[in-house]
Amino acid sequence: MAKYELLIFDLDDTLINNDENVRYAFKKMLALLGEQYSDNLFSSWQQFDKKFWLDFYNGKIITPYEKSDERYVPYVQSLRYYQFFNKKISIEEALKINPLFLNWLKEKVVAEDGCYETLEHLYNCGYKLVVATNGANQAVESKLSKINCQKFIAKTFSADMTRECVTKPNPVFFEELLTYLDYHDKDKILLIGDSLHSEVQGGMNSGIDTCWYNKYHEPLKEPYQPTMEINNLKQLVKKI
């Protein structure tokens, strides 16, 4: 008898090859701003964006809005462009760019290798499949649809749906996720994702088993302790 009933997947860099997705949106944004694309510039954006969201989680991002204000999330998202371009654009311009950037993220979507086959198999085996992401909710359904996997996913959940506007690995994110799903048997839940910080630490913080999707065969760092590890998605079928 299978131990797990509910499988909660991260989206970007777990089911979706996020590098190509973001590269496309980044190129479109540069073209709009009259800037020249280069791989080095894109690499800088990726590093900056990753640090930005870590700073956000650690409470280092200051905004003029309360978390309960509907302007809060778009402002935080837009602040990235404003800061990255060294204030060459105004915050007002950044706010106008943000919905465009989020829409560009939907236009080119590439699935991770083995994504469709793995989700199809797990779905047919009777697992309940859910996607939970720190990304914007408005892009989730579109991304899943473009990789033809929407039919396998029972529900989706994102950080901008939380009352507290929190992200993984904050335990509050997972508390709100489980409330949203109306499912609370943690012993029968498995979190699957590429991030030691988000999924593995989030699971450790919340008492939920985790599967680290380590496609680049990176060494495991302290103090992270995933329940299991896979290097490609198809391995998950045999692990559970």
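The C-alpha atoms of the chain define a longest principal axis, and helix 39-57 lies at about 70 degrees to it. With the helix formula -39500 (n - 2.57) applied to DSSP H stretches of n ≥ 4, the chain reaches a computed 222 nm mean residue ellipticity of -14000 deg cm²/dmol. Note on exposure: R71, R80, R23 ranked by accessible area (1.4 Å probe, complete protein assembly) read R71, R23, R80, with the most exposed listed first. Between 0 and 90 degrees, the angle of helix 171-181 with respect to the longest Cα principal axis of the chain falls at about 70 degrees. Converting phi to 3J(HN,Hα) with the Karplus coefficients 6.51, -1.76 and 1.60 and the offset θ = phi - 60°, segment 100-110 yields 5, 4, 5, 6, 5, 4, 7, 6, 10, 10, 10 Hz in sequence order, with x at every glycine or proline.
Using a 1.4 angstrom probe on heavy atoms only, work out the carbon and sulfur share of the accessible area of segment 84-218 in %. C and S fraction of accessible area: 47 percent. With protein chains left intact and a 1.4 Å probe, residues in the chain average 51 Å² of accessible area per residue. For the chain, relative contact order (Cα pairs under 8 Å, six or more residues apart, normalised by length) works out to 25 percent. With angles folded into 0 to 90 degrees, how steeply does helix 72-84 sit against the dominant principal axis of the chain? Use alpha carbons for both and round to 10. Helix 72-84 sits roughly 60 degrees off the main axis of the chain.
Starting from the residue with the highest accessible area, list C125, C149 in decreasing order, probe 1.4 Å. Don't jump to the answer; show the numbers that get you there.
Working: C125 80, C149 0 Å².
If we order C125, C149 from most to least accessible, we get C125, C149.
I'd like the distance separating the alpha-carbon centroids of segment 1-18 and segment 179-240, in whole Å. Computed from Cα coordinates, the inter-centre distance equals 8 Å. Each part gets one Cα centre, and for segment 99-162 versus segment 36-81 those centres are 22 Å apart.
So what does the Cα-only Debye profile of segment 94-219 read at q = 0.20 Å⁻¹, as log10 I(q)/I(0), no solvent term? Calculated log10 I(q)/I(0) at the listed q: -1.36.
Please figure out what share of the DSSP beta bridges in the chain is antiparallel and state it in percent, rounded to the nearest 5. Intermediate results must be reported in sequence, preceding the final value.
On the way: 1 of 21 bridges.
The antiparallel proportion sits near 5 percent.
For the residues S38, S78, S145, a GNM of the chain with alpha-carbon springs under 10 Å puts the largest fluctuation on S38.
The values are calculated or read from the model by the stated rules, or taken from the named source; none is laboratory data. Since the structure is predicted, the reported quantities are computational estimates derived from the model, not experimental observations. Note: areas computed on protein heavy atoms with side chains; ligands, DNA, RNA excluded. Shrake-Rupley method; radii C 1.70, N 1.55, O 1.52, S 1.80 Å.
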